1. With a 10 Å cut-off between alpha carbons and a GNM built on the chain, which of Phe288, Phe354, Phe126 moves the most?
2. Express in nm, to one decimal, how much length is gained between Ser114 and Phe366 on full extension, taking 0.36 nm for each residue of separation and deducting their alpha carbon distance.
3. How far apart, in nm, are two points set 7 Å out from the Cα along the Cα-to-Cβ line at Thr188 and at Arg298?
4. Taking a label point 7 Å from the Cα of Glu21 along the Cα→Cβ vector, which residues of segment 280-323 have an amide N closer than 19 Å to it?
5. Which of the peptides 267-279, 333-345, 229-241 is most tightly packed, and how do the rest follow, going by the mean number of other Cβ atoms within 10 Å of each residue?
6. Based on the alpha-carbon set only, what is the convex hull volume of segment 65-365 divided per residue, in Å³?
7. Please compute the modelled spin-label separation between Gln346 and Asn331, points set 7 Å along Cα→Cβ, answer in nm with one decimal.
8. Using DSSP loop states and a limit of at most 13 other Cβ atoms within 10 Å to flag trypsin sites (Lys or Arg not before Pro), what is the longest stretch of the chain containing no flagged site?
Amino acid sequence: MHIALFIENLVNRRGYLSEKELMELNALCQILPGPTSTQTITAIGFRVGGIPLAYLTLLVWVIPAVSIMIMLALGFTLVGSQSLFIDMTQFIQPMAVGFIAYAGFKISVAVIDSKSGILIMILSAFLSYSYASPYLFPILIISGGLITALKYKKQPVVEKTEPLKIRWDGFILWAGILIIGGALATFTDFQPLKLFANFYRNGSLIFGGGQVLIPLLYTEFVEFKDFLSSSEFLSGYGFAQAVPGPVFSFSAFIGSLSMREYGILGSIVGGISAAAGIFLPGTFLIFFVYRFWEGLKRYRIVRASLEGITAASSGMVMAAALLLFTPLPLNWYNPTIVIGTFALLQFTKWPPPFIILGGLLLGLVF
């Protein structure tokens, strides 16, 4: 969806780069952990105007969605004791499962076309569902990439005209914050710092976009830490589908609810801390890799590993749909709404925000 928007506005209207260059840039961001659409548009800002314009592009891209998600979290906090707000979002929860199932289906159809990819996807889905641990997900992704990297000889050979030159400042910045932030969060009870470190770690490990982030966040913040309920999580994810901007803005919703006990100001700080933690790693890494991407993509082993990475990510998304469907009440309309949402996404051109708004209206009526 975002790629179509980028092609229309940044390629056709503005002429900042060609469509081929945009797709190559998007492929680069698919290799890296973090929000793919955010990294892509940030990299375009970097290409056009250097680091200052890249950071400005990042802020303009994420602030609207992050602000809306924090306000929605404040709504849950302020009226959570009343039934109206939860009742209004009761159909959003199964709709969110439908969105996740559709995302897993689209990823698998688009990128998996080999027996090894299908096997990796199935194993990833099974292990993710059976052992719902946030520490398992990066292992699955790395393992998938290593398995298909062994098939690098099937990739076409690309002539290398000059040695690969790497500038390490972006990598050092990313790794330094990851290590120092994690260490400080371990030895302090300052909740905003803990949230920042948690989301910075998550943003450093997630490949494949916002849908792949969902199982990790659910496991960590709902099942392990119990910062929010399953219904709150699903409602927030459903809202994230309706809000313009990156799906990773959902992290602001979780961060805000994680600090609701500290009042309105604490919830706002929690949302900002989580959003900063989730978006910064991918930004630092795209600055690092973009400078030597032209040389890196000539290596067959890099191109071959993408198949396993995306297959493992697809399996994790499918497991997420099952994990998030399990806590829903057993009745006739929850599975019906999941299937209906999937069908609307697959067989119609209805924009996701309209589908979500329809779910809200149903909640108000019933």
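Values in this text are rule-based calculations from the coordinates and carry no lab data. Model, not experiment: these values are computed from the prediction. Every residue, glycine as well, gets a Cβ built from its backbone with ideal geometry; the counts of neighbours run over all protein chains shown.
1. The residue that fluctuates most here is Phe354.
2. Details: separation 252, 0.36 × 252 = 90.72 nm, distance 4.57 nm.
Here the segment from Ser114 to Phe366 would lengthen by 86.1 nm.
3. 4.5
4. The answer is 286-298.
5. Top to bottom by mean Cβ count within 10 Å: 267-279, 229-241, 333-345.
6. Spread over its residues, the Cα hull of segment 65-365 gives 140 Å³ apiece.
7. So the label points at Asn331 and Gln346 sit 2.5 nm apart.
8. My reading of the result: 15-159 is the longest stretch.
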